[in-house]
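The values are calculated or read from the model by the stated rules, or taken from the named source; none is laboratory data. Just so you know, these numbers come straight off a predicted model, no measurement behind them. Please note: Cβ atoms are built from the backbone with ideal geometry, for glycine as well, and neighbour counts cover all protein chains shown. Only protein heavy atoms, including side chains, enter the accessible area calculation; ligands, DNA and RNA are left aside. Shrake-Rupley method; radii C 1.70, N 1.55, O 1.52, S 1.80 Å.
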Amino acid sequence: MTSFSATAVACANIALIKFWGNRDSELRIPANSSLSMNLDGLVTRTRVTFDPSLNGDQLTINHAPASAEGMGRVKIVMDLVRKMSRLDTFAEIASENNFPTGAGIASSASAFAALSLAASAAAGLQLSERELSRLARRGSGSACRSIPTGFVEWQAGHDDESSFAFTIAPPDYWDLVDCIAVVSETHKPTTSSEGHKLAATSVLQRARLADTPARLDRCRRALLERDFGCLSEVIELDCNLMHAVMMTSIPSLLYWQPVTLELIHAVRGWRESGMPVCYTIDAGPNVHVLTLAGFVDQVCQTLSQIPGVDNILIAKPGGPASLDL
Ligand code: DP6
């Protein structure tokens, strides 16, 4: 019997309106809709080879065997692909990130987007963008946003069929750039998957969720009108609301380090002095500083002078998950 293989590449993404908390954690139906930008150049490349001689799926991440936790999540996507294609063959899966390991950039979004496309193509399926987005969501929620191109909205929906992501503007729509200030991590943070389970224990989550549709509308409008001032206001508010929920969960999650707070103050100061900059922060201490293309050098230079900033990664709006032919 022959083996069937395919390779796919997908970008990481940064949420401008965050997803935090699941309505259904098995199906990964989120508690709220979210909006993100794909990060050009920060990619996972995954090769999937179905091989009849294997008696279990095999997974390497950056050439090293994966953990049992990673394997378990990959198996969810692989089993769905096998079911859809009526295949009962196991596969060898090799996944590589081109961004530095330990840089604190979540790789699950790019990884599960690349896996979904590579596995379905290797199995001979031709899934639509929506079907791929739904499949990627089953491995990691935010991965559904790394399937479509550019600026992407994930409609929370209420079941498997209605929860998927779609493009609201192509990558070249606006010359936004994400300058990611990577700061040293002193302890292992709680993973997003664990954090989502705690969201409902915060008394603030209900208020955060009630106002999310309005923030999402404001963010979409700011993006479509290329209004940096409005974008700054709404994404910083959304980020702060998510971190307020994290901090007031039981147990409390505090992802910020002292340098994170220092960067928040710095960004606000630069904006007051006329620079188009704003921040957003995921489940970790790194600060994503968004600016316009013409200001990247200035922003990176200023960021690099802050003690505790170890590295700066720069990403423009990125394209869709694609097959490497
Ligand atoms: C803070 O998508 O990483 O980055 O579904 O458990 O893999 P899992 O969670 P994940 O959560 C992302 C949380 C966030 C906000 C966001 O990207 O919307």
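Data for the structure
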item	result
Conditions (1) surrounded by fewer than 16 Cβ atoms within 10 Å (Cβ to Cβ); (2) away from the ligand (no atom under 15 Å from the Cβ); (3) closer than 30 Å to L303 by Cα; (4) polar (S, T, N, Q): number failed by T191	(2)
Qualifying residue in region 10-30 (condition: aliphatic (A, V, I, L, M), more than 12 Å from the ligand (Cβ to nearest atom), within 17 Å of R138 (Cβ to Cβ) and part of a strand (DSSP E or B))	yes
Every pair of residues 6+ apart whose Cβ atoms lie under 9 Å, when the first sits in region 7-36 and is on the phi < 0 side of the Ramachandran plot and charged (D, E, K, R) while the second is open to solvent by 10 Å² or more (accessible area, probe 1.4 Å) and within 8 Å of the ligand (Cβ to nearest atom)	K18/D282
Options S53, S95, S110; residue that is surrounded by fewer than 23 Cβ atoms within 10 Å (Cβ to Cβ), hydroxyl-bearing (S, T, Y) and modelled with pLDDT of 95 or more	S53
Strands (runs of 3 or more DSSP E) contained in region 47-157 and holding at least 1 residues within 15 Å of the chain's Cα centre (by Cα)	91-97, 151-155
Among the residues listed as V299, V245, V234, V289, the single one being surrounded by 20 or more Cβ atoms within 10 Å (Cβ to Cβ), more than 30 Å from E96 (Cβ to Cβ) and touching a strand residue (DSSP E or B) at 6+ places or on another chain (Cβ under 8 Å)	V234
Hits in region 80-91 (condition: more than 16 Å from the ligand (Cβ to nearest atom) and either among the aliphatic types (A, V, I, L, M) or under 18 Å from S193 (Cβ atoms) (or both))	V81, M84, L87, A91
Residue in region 118-129 that is among the hydroxyl-bearing types (S, T, Y), out of contact with any strand residue (DSSP E or B) (no Cβ under 6 Å at 6 or more places or on another chain) and in contact (Cβ under 8 Å) with a residue 12 or more places away in the chain present	yes
Pair list, Cβ < 8 Å and 6+ apart or interchain, from region 136-160 residues that are of a type in the set (S, T, Y) to residues that are in a loop (DSSP other than H, G, I, E, B)	S140/R28; S142/F19; S142/A106; S146/A321; T149/P170; T149/G318; T149/G319; T149/P320
Test result for D88, free of Cβ contacts under 8 Å to residues at least 60 places away in the same chain and either in contact with a helix residue (DSSP H, G or I) (Cβ under 7 Å, 6 or more places away or on another chain) or surrounded by 17 or more Cβ atoms within 10 Å (Cβ to Cβ) (or both)	yes
Some residue of region 305-316 being under 25 Å from E233 (Cβ atoms), within 22 Å of the chain's Cα centre (by Cα) and part of a loop (DSSP other than H, G, I, E, B)	yes
Subset of region 138-161 [open to solvent by 20 Å² or more (accessible area, probe 1.4 Å), more than 15 Å from the ligand (Cβ to nearest atom) and not hydroxyl-bearing (S, T, Y)]	H158, D159, E161
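Conditions tested, residue by residue: (1) touching a residue at least 40 places away in the same chain (Cβ under 8 Å); (2) closer than 21 Å to D310 by Cβ; (3) open to solvent by 30 Å² or more (accessible area, probe 1.4 Å).
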{"residue": "S163", "(1), (2), (3)": "yes, no, no"}
{"residue": "W174", "(1), (2), (3)": "yes, no, no"}
{"residue": "D178", "(1), (2), (3)": "yes, yes, no"}
{"residue": "V203", "(1), (2), (3)": "yes, no, yes"}
